[in-house]
Amino acid sequence: MVSSTDNHTKDGADGDKAGAKADEPKLEGPELLEAIKKQVEYYFSKENLMQDSFLVSKMDKEYFVDLTVLADFHLLKVLTQDEKLIVEAIKSSKKIALDDSQKKVRPVNMNARTTLILRNIPSSCPVAEVTAFLEKAKLPATIGLHA
C-alpha cells in the first residue's frame, strides 16, 4: 500500500499492494469493491496516518476527510472515478466510516487524546496541589501523575 502522499508524486509512480495497477485488467463487481475498501482502509490505518501528513492535514476536528479528497488519489482513480462506488465500498468496512451525509470518511477507532503535560512546575510542588489544580479545572478524572 502507499500513502496518499505517494499518490501525489509528479511522475505518478505507485507502489500499491491492493492490486490497483494501471497495466492490470480492471476489476469488477465484488472484487472491485473489496479493492477500493482495502485501499481506503489503508489510507486511514495507524501505520499510514503516522507518516501521511497530507491526509492528516485534510482531517477536520472529528477526523473526517472529504470524499472528494480521497477520490482524487491516484490509486483510487485507477480503481474507479465513481464516488458512489467508493461510498458503497466504504459501507462494508469496520475500520472506516462515513458521516451522515456520506460525503466524508474517517477512521472508526481514533484514540482520544488523554495526556496533559504540565511544564515548569517546581519540583518542590506537592502532588496534592497539582491534583487539586486539576480538579478545580474540571478536567476528567486523573488516573496518574508522573514527575
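Overview of values
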read-out	value
Relative packing of peptides 62-68, 72-78, 26-32 - highest average C-beta neighbours within 10 Å first	72-78, 62-68, 26-32
Probe 1.4 Å, protein heavy atoms only - accessible area per residue of segment 35-147 in square angstrom	71 Å²
Cα gyration tensor, segment 25-120 - rounded (a/c under 1.5), prolate or oblate	prolate
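The values are calculated or read from the model by the stated rules, or taken from the named source; none is laboratory data. All values reported here derive from a predicted model rather than from experimental measurement. Please note: Cβ atoms are built from the backbone with ideal geometry, for glycine as well, and neighbour counts cover all protein chains shown. Accessible surface is based on the protein model in full, side chains and every heavy atom, while ligands, DNA and RNA are left aside. Shrake-Rupley method; radii C 1.70, N 1.55, O 1.52, S 1.80 Å.
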